[in-house]
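*Asks:* Okay, handing you the structure first.
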Amino acid sequence: MEAILRVENLTYTYSAGTPFEHSAVEGINLTVLPGEFLGIIGHTGSGKSTLMQQLNGLLKPTAGRIYLDGRDIWSEPKEIRKVRFRVGLVFQYPEYQLFEETVYKDIAFGPTNMGLSDGEIDRRVRDAAAFVGLSEEQLFSSPFELSGGQKRRAAIAGVIAMEPEVLILDEPTAGLDPRGRDRILEQIRDYHREKGTTVILVSHSMEEIARNVDRIAVLHRGHTYMDGTPAQVFARAEELMSIGLDVPQVTKVALALREKGVDVDPSVCTVEALRQELLTLKGGGGAC
Amino acid sequence: MLKDITLGQYFPGDTPVHRLDPRTKIICVVLYIVALFCAKWFVSYGVIIAVLTLCVCLSRVPLRALSRGLRPVYIIVAFTALMNLFFTAGEPVSDLPVLRYISQTGVYTALFMVLRIVLLITGTFLLTYTTSPIALTDALDQLLAPLKKLRVPVHELTLMMSLALRFIPTLIEETDKIMSAQKARGADFESGNLIRRAKALIPILVPLFVSAFRRADELATAMECRCYHGGEGRTALYVLRYRAADYAVLASFVLLAAGQIVLGRLGW
Ligand SMILES: Nc1ncnc2c1ncn2[C@@H]1O[C@H](COP(=O)(O)OP(=O)(O)OP(=O)(O)O)[C@@H](O)[C@H]1O
Ligand SMILES: [Mg+2]
């Protein structure tokens, strides 16, 4: 399948040419297929946000290229705004970017910038609000009256409303309570399933990534450290732990079981999968 | 990109200049300015240049950083030079077409004006390059303490100053972030006429103000939680103390200023 996003040898250096020079991303190669749900995971400061801001042209790579649908996004620097409409990026802590009088107007900011008709804007705003679970009443209240989690959802809706082909979410659940976190993830998952959009989810929680994505790329000090399906990645649990990343609880249980001599697949990453695994081992059927 | 603005950026270091008491440095800069404004002719400017060069060498502040500080005033310097060059009355330099309008005194005035501005800015920048903002405000707080008798709220003013200095980088960073976030939603800050551009700032300014107020609020709470109750009876963790070197440097700068006054009188 033709890749929707292809990253070649991407390097980004902050404050180049000063004593504070610092390479946040070094020679990264990455391919994203259409309709894929990709997880990016890495330690604090591993360059995740820097990489993501280059994918939609907010940062210009120091070296390397980014192809969107086979076209270099910087081939026409004047057209970079169009790239931003096609690759929607939800920033880390996006609630701080809300500014309009009503949530409705704020969500409409992106579509309005795209120059769409009023009817189309209205449809998109309502669709996006429905996806993130904002009620009609909330839609016409001030964004500053919402709770933290609701603000976060309003901000995510603001990007979804542009109906980008690739939706990037940079740590959408940071600083939320477990329930708020699960709800947002669930809504993102639904959105991905219904729209078939390519989604890139950045996170440093393994649990979160494990349960949602098709493929995981692990970043470490600006390099891609691993790239594969969750099962492939978690099969190398020890390496992950050696670079300071956690593995899902279930994987830890499976690892512990193996040490005790139970022959389970160490790469299971959901409770359901481990259950199945154990049931098969027991000889199928019956409760555990 | 907004990060490139320097506001008297501090260059950490451990040189004799860095180690001086910040109060000494402030007083010296004041004396230096007095000395500079008394300078009249080559001899006195030469003395000032020698003193400044010595301080710069001792401080190990890169020359590039110093010249960067001068960048915003290039135009003013050029303008002053031209004005003095062409509009000072006196004997023309020669009677060739353009040179006819330039008087000999004009050349000297222009040269000394440019020198004066450059030396003034470099000298004061050296202070901010070698003294951390916190040390500066602490020093100001103490130097201005006598004004408290006149009911000038010195402590409040210096506190405001150090808070502002502390939050400028934060606000710049925040502005950068908000700008990126709005650009990701297709905001366009670069095209359109003046009104459109001004309007394009709203999506940046509103979140920026909201967060600035939130920060101010949080800071106030945090300070109260730690029992901050104004400057009354407040003591410092690191007490500023003059040492032998400070007295020596102070004495030299007093000498410098006095010497310059004499040189100025003599017209050297
Ligand atoms: N504006 C900037 N100027 C200079 N250095 C920066 C800037 N932004 C990030 N960095 C540096 O680049 C590196 C990567 O930062 P980045 O924000 O991409 O990390 P991250 O993986 O997103 O981390 P986190 O999980 O904390 O969000 C860090 O070492 C950081 O210090
Ligand atoms: Mg980040």
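The values are calculated or read from the model by the stated rules, or taken from the named source; none is laboratory data. A quick note: this is a predicted structure, and the numbers were derived from the prediction, not measured. Here the Cβ positions follow ideal geometry from the backbone for every residue, glycine too, while neighbour counts run over all protein chains shown. Note: accessible area is taken over every heavy atom of the protein model, side chains too, but ligands, DNA and RNA are not part of it. Shrake-Rupley method; radii C 1.70, N 1.55, O 1.52, S 1.80 Å.
*Asks:* Return the calculated 222 nm mean residue ellipticity for chain B, to the nearest 500 deg cm²/dmol, obtained by summing -39500 (n - 2.57) across DSSP H runs with n ≥ 4 and dividing by the residue count.
*Replies:* Helix contribution divided over all residues of chain B: -23000 deg cm²/dmol.
*Asks:* Here's something else I'd like to know. Given a cut-off of under 8 Å on Cα pairs at least six residues apart, what relative contact order in percent is computed for chain B?
*Replies:* 34 percent
*Asks:* Given H placed on each backbone N at 1.01 Å, which residues far from A:Leu219 in sequence or on other chains put an amide H within less than 5 Å of it?
*Replies:* A:Ile41, A:Gly42, A:Tyr225
*Asks:* Name the residues of segment A:72-100, by number, that are at least 40 Å² less accessible with every protein chain in place than in the isolated chain; the surface is that of heavy atoms, probe 1.4 Å, without ligands or nucleic acids.
*Replies:* A:Arg81, A:Arg84, A:Phe91, A:Tyr96, A:Gln97, A:Phe99
*Asks:* Taking the Cα centre of each part, how many Å lie between segment A:84-120 and segment B:176-210?
*Replies:* So the separation of the two Cα centres works out to 12 Å.
*Asks:* If you don't mind, another one. Once the protein assembly as shown is represented by equal point scatterers at the alpha-carbon sites, with solvent omitted, what log10 I(q)/I(0) does the Debye formula produce at q = 0.12, 0.13 Å⁻¹?
*Replies:* The calculated log intensity ratios at q = 0.12, 0.13 Å⁻¹ are -1.18, -1.27.
*Asks:* Can you pull the percent of segment A:36-102's accessible area that's carbon plus sulfur, 1.4 Å probe, other chains left in place?
*Replies:* Its accessible area is 48 percent carbon and sulfur atoms.
*Asks:* About the Cα centre of the protein assembly as shown, what is the dipole size in debye to 20, counting +1 per Lys and Arg Cβ and -1 per Asp and Glu Cβ, all else neutral?
*Replies:* Using only the charged Cβ atoms, the result is roughly 2040 debye.
*Asks:* Can you pick out the pairs among A:Lys151/A:Lys195; A:Lys82/A:Lys151; B:Lys25/B:Lys177; B:Lys40/B:Lys148 whose Cα atoms lie more than 28 Å from each other?
*Replies:* Beyond 28 Å between Cα atoms: B:Lys25/B:Lys177; B:Lys40/B:Lys148.
*Asks:* Mind telling me which of B:Thr131, B:Thr235, B:Thr105 comes out most flexible in a GNM of chain B, alpha-carbon contacts under 10 Å?
*Replies:* Maximum among the listed residues: B:Thr235.
*Asks:* Report Rg(Cα)/(2.2 N^0.38 Å) for chain B, keeping two decimals.
*Replies:* Numbers: Rg = 23.7 Å, N = 268, 2.2 N^0.38 = 18.4 Å.
Here the Cα radius of gyration is 1.29 times the empirical estimate.
*Asks:* Just how large is the dipole of chain A about the Cα centre, in debye to the nearest 20, putting +1 at every Lys and Arg Cβ and -1 at every Asp and Glu Cβ? Intermediate results must be reported in sequence, preceding the final value.
*Replies:* Details: 32 positive and 41 negative charges, 53 e Å.
Charge dipole of chain A: 260 debye, to the nearest 20.
*Asks:* In Å², nearest 100, what accessible area do chains B and A bury in total when the solvent probe is 1.4 Å? List each step's numbers first, then the result.
*Replies:* Values: alone 17510 and 13990 Å², together 29880 Å².
Buried area between the two chains comes out at roughly 1600 Å².
*Asks:* Now for a separate question. Report, in debye and to the nearest 20, how large the dipole of segment A:230-288 comes out about its Cα centre when Lys and Arg carry +1 and Asp and Glu carry -1 on their Cβ.
*Replies:* On the way: 6 positive and 8 negative charges, 35 e Å.
For this selection, approximately 160 debye.
*Asks:* Which of A:Ile156, A:Gln138, A:Gly119 sits farthest toward the positive end of the charge dipole of chain A, with +1 on the Cβ of Lys and Arg and -1 on the Cβ of Asp and Glu?
*Replies:* A:Ile156
*Asks:* Do the sum for chain A: with -39,500 (n - 2.57) for every DSSP H run of n ≥ 4, divided by all residues, what is the mean residue ellipticity at 222 nm, to the nearest 500 deg cm²/dmol?
*Replies:* -12000 deg cm²/dmol
*Asks:* Say the dipole of the protein assembly as shown comes from +1 at the beta carbon of Lys and Arg and -1 at that of Asp and Glu; which of B:Gly69, A:His204, B:Leu127 then lies farthest toward its positive end?
*Replies:* B:Leu127
*Asks:* At 37 °C and 0.692 mPa s, what whole-number value in µm²/s does Stokes-Einstein give for the translational diffusion of chain A, with Rh from the Kirkwood sum over Cα pairs?
*Replies:* For these conditions, the coefficient is 162 µm²/s.
*Asks:* Using a 1.4 Å probe, what is the accessible area per residue for the protein assembly as shown, in Å²?
*Replies:* That works out to 54 Å² per residue.
*Asks:* Over segment A:213-288, what lengths in whole Å, largest first, do the semi-axes of the equivalent ellipsoid take, defined as the square roots of 5 times the eigenvalues of the alpha-carbon gyration tensor? Walk me through the numbers on the way to the answer.
*Replies:* Values: eigenvalues 142, 33, 14 Å².
Its equivalent ellipsoid spans semi-axes of 27, 13, 8 Å.
*Asks:* Determine the share of segment A:197-281's accessible area contributed by carbon and sulfur atoms, expressed in whole percent, with a 1.4 angstrom probe.
*Replies:* About 51 percent, which is the carbon plus sulfur part of the accessible surface.
*Asks:* State the volume of the convex hull built on the alpha-carbon positions of segment A:6-89, expressed per residue in Å³ and rounded to an integer.
*Replies:* 100 Å³
*Asks:* To continue, here is another question. Which of these, A:Asp265, A:Asp177, A:Asp190, has the largest mean-square fluctuation under a Gaussian network model of chain A (Cα springs below 10 Å)?
*Replies:* A:Asp177
*Asks:* Same structure again: Tell me which of B:Val206, B:Met160, B:Leu147 sits at the most positive position along the dipole axis of segment B:85-209, charges placed on C-beta atoms (Lys, Arg +1; Asp, Glu -1).
*Replies:* Of B:Val206, B:Met160, B:Leu147, it is B:Val206.
*Asks:* Would you work out if segment B:118-268 is rounded, prolate or oblate? Take a ≥ b ≥ c from the square roots of the eigenvalues of the alpha-carbon gyration tensor; rounded if a/c is under 1.5, else prolate when a/b is larger than b/c, oblate otherwise.
*Replies:* Oblate, since a/c reaches 1.5 and b/c is not below a/b.
*Asks:* What residues does segment B:176-192 have that are buried by at least 10 Å² of accessible area in the full protein assembly compared to the chain on its own, 1.4 angstrom probe?
*Replies:* Buried-area filter returns B:Lys177, B:Ile178, B:Ser180, B:Ala181, B:Gln182, B:Lys183, B:Ala184, B:Arg185, B:Gly186, B:Ala187, B:Asp188.
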